[in-house]
Amino acid sequence: MQTLSAHILIIGGGAAGMCAALGARQHLRQSGIPDAAAHIVILERNAHLGIKIRISGGGKCNISHDGEMESVLEKGFLHPNERRFLKPAFFGLKNRDVIAWLHQHGVETYTRLNGRIFPVSGKATDVLEVFERMLKAHRIHVFTKARALDVERRESHFFVPLDDLAFQAQAVIVATGGVSYPKTGTTGDGLRFAEKLGHRIVKPRAALAPIYFKQAPPAELVGVSLRGVGLIAKSSFNTVTRIDDVLITHLGLSGPATLSLSREVAEALEKSKVEILIDFFPQLSFEALDALLLGEQQARPAQYVRTFLEEKLPNAIVPFILEAAEVAYEQKWHDLKRVLRRKLMSVLKQFSIGEVKEVPIERGEVSAGGVALSDINPKTMESRIVPNFYVVGEALDLAGEIGGFNLQAAYSTGWLAGISAAGKLKWD
């Protein structure tokens with residue numbers, strides 16, 4: 001078997017891996033090391049780089065999230081330990097740095113009202129092409145269809161075998177992703193490498209995934225979109241909520257609120273059954289909604305109750321709300337008893353849509369779990385256990401909210417690892 005040499009070997013050619021290579025090369029250039037003297041190699045098991053960039057944002061690429069990095073951390077990572085861990089990386093490579101790269105290469109961007117940043121063209125491939133051009137300009141050696149089979153720590157280097165050749169390298173950066181969307185190549189290889197070298201692996205779980213129910217939603221509701229509702233996951237020990245859009249599917253739920261809530265649901269499901277409820281008026285308290293219904297009853301006594309609901313909500317779901325509240329379809333406001341009005345109010349605030357069967361990890365945009373953060377130095381992304389071994393991006397035990405946060409974590413952690421690995425290289 002032929003063995004090639006690299007100073008820095010990056011396993012995985014997604015957002016994190018590409019940024020690791022760029023960060024390493026920039027540091028070496030700033031240190032006066034000629035490109036020809038330092039071999040930086042990316043191994044990508046797929047035929048093309050950046051598969052997840054290609055499919056992110058429905059193919060439009062939600063590049064990152066707008067705002068100061070402190071705010072991005074607060075909005076995007078709800079677990080305090082994840083925010084603390086990511087802070088050094090996020091301030092090393094910021095969202096505006098990535099956007100500046102794109103603008104310099106002619107890819108214009110725009111920011112939606114919710115802070116999500118997209119290319120004006122709506123094409124994820126435009127974003128990926130910028131990264132590919134930068135890799136070429138930075139003289140990064142890219143091997144596609146090159147799956148690392150193992151990472152062995154030897155006395156002076158790492159040995160990484162592939163199917164038909166092998167690499168030895170001073171430093172290895174694992175940027176293989178987690179275990180979501182296995183068709184893109186994220187099958188947990190990096191976690192296996194890290195575990196073999198002594199790292200603790202937190203059990204991977206779904207994140208940013210759809211939620212499937214034990215009993216499929218009624219056919220009449222499939223395809224119904226609910227705008228700005230509160231999605232509530234209720235277990236025997238906890239209740240968590242997200243406010244955003246929800247899409248009812250033939251298997252359960254999808255949409256931004258669902259994806260955001262899925263990580264907590266997956267964790268809760270291991271200990272308890274989980275019921276999903278919908279708050280159709282999350283901006284109103286129970287008391288405020290009851291006052292709204294009472295005002296409607298007094299203002300339009302001859303009107304059907306359902307008319308008010310049809311003005312506020314998709315018509316397809318109205319009969320199901322009325323049935324749950326035990327309010328007749330032909331019920332008018334003038335003779336609606338107080339007890340039924342208050343029951344209707346309760347249903348509108350906590351409408352039971354289904355009991356969770358599963359949160360399919362293979363359908364998640366990212367996965368939670370991975371290499372334990374306590375085993376990685378957040379200031380360098382270097383392992384605390386194995387010198388010159390780095391773990392970045394989704395291979396780490398972290399997962400952000402929907403909205404470009406996970407891509408930013410990939411850019412930033414990869415960049416920091418690349419700089420750190422380059423700074424430790426030894427020259428004969």
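Observations, loosely collected:
- Residue within the stretch 179-188 that is open to solvent by 60 Å² or more (accessible area, probe 1.4 Å) and over 30 Å from Lys60 (Cβ atoms) present: no
- Restricting the stretch 305-346 to residues that are aromatic (Phe, Trp, Tyr) and within 24 Å of Pro217 (Cβ to Cβ), the residue that is most open to solvent (accessible area, probe 1.4 Å) is Tyr329.
- Criterion violated by Gly92 - all others in (1) surrounded by 23 or more Cβ atoms within 10 Å (Cβ to Cβ); (2) under 28 Å from Glu68 (Cβ atoms); (3) among the small types (Gly, Ala, Ser); (4) touching a Phe, Trp or Tyr at 6+ places or on another chain (Cβ under 8 Å) satisfied: (1)
- Answer residue from the stretch 219-243, given it is touching a helix residue (DSSP H, G or I) at 6+ places or on another chain (Cβ under 7 Å) and touching a residue at least 60 places away in the same chain (Cβ under 8 Å) and is surrounded by the most Cβ atoms within 10 Å (Cβ to Cβ) among those: Ala233
- Residues in the stretch 351-397 that are touching a residue at least 40 places away in the same chain (Cβ under 8 Å), among the polar types (S, T, N, Q) and either at positive phi or assigned to a loop (DSSP other than H, G, I, E, B) (or both): Thr380, Asn388.
- Test: Glu155 is over 23 Å from Leu22 (Cβ atoms), open to solvent by 20 Å² or more (accessible area, probe 1.4 Å) and either more than 22 Å from the chain's Cα centre (by Cα) or not hydroxyl-bearing (Ser, Thr, Tyr) (or both): yes
- The stretch 315-350, residues that are assigned to a loop (DSSP other than H, G, I, E, B) and among the aromatic types (Phe, Trp, Tyr): Tyr329
- Yes/no for Leu78 being buried (at least 21 other Cβ atoms within 10 Å of the Cβ) and not aromatic (Phe, Trp, Tyr): no
- One residue alone among Gly58, Gly32 is at positive phi, open to solvent by 20 Å² or more (accessible area, probe 1.4 Å) and over 23 Å from the mean Cα position of the chain (by Cα), and that residue is Gly32.
- Qualifying residue in the stretch 45-53 (condition: assigned to a helix (DSSP H, G or I), open to solvent by 10 Å² or more (accessible area, probe 1.4 Å) and within 20 Å of Ala124 (Cβ to Cβ)): yes
- For the stretch 97-138, residues that are surrounded by fewer than 18 Cβ atoms within 10 Å (Cβ to Cβ), more than 16 Å from Leu22 (Cα to Cα) and basic (Lys, Arg) total 2.
- Flag for Lys203 being basic (Lys, Arg), under 15 Å from Val391 (Cβ atoms), touching a residue at least 24 places away in the same chain (Cβ under 8 Å) and surrounded by fewer than 20 Cβ atoms within 10 Å (Cβ to Cβ): no
- Count of residues meeting criterion [farther than 17 Å from Gln170 by Cα and open to solvent by 10 Å² or more (accessible area, probe 1.4 Å)] in the stretch 17-28: 1
- Per the listing Phe85, Phe118, the residue uniquely of a type in the set (Phe, Trp, Tyr) and in contact with a Leu (Cβ under 7 Å, 6 or more places away or on another chain) is Phe85.
- Scanning the stretch 399-415 for residues that are open to solvent by 10 Å² or more (accessible area, probe 1.4 Å) and aliphatic (A, V, I, L, M) yields Ile402, Leu407, Ala410.
- Test: Val174 is touching a strand residue (DSSP E or B) at 6+ places or on another chain (Cβ under 7 Å), open to solvent by less than 10 Å² (accessible area, probe 1.4 Å) and either farther than 26 Å from Ile419 by Cβ or at pLDDT 95 or above (or both): yes
The values are calculated or read from the model by the stated rules, or taken from the named source; none is laboratory data. This one's a predicted model, so the numbers in the text were calculated from it and none came from an experiment. Note that we place each Cβ from the backbone using ideal geometry, even for glycine, and neighbour counts take in every protein chain shown. The accessibility values were calculated without ligands, DNA or RNA, using every heavy atom of the protein model including side chains. Shrake-Rupley method; radii C 1.70, N 1.55, O 1.52, S 1.80 Å.
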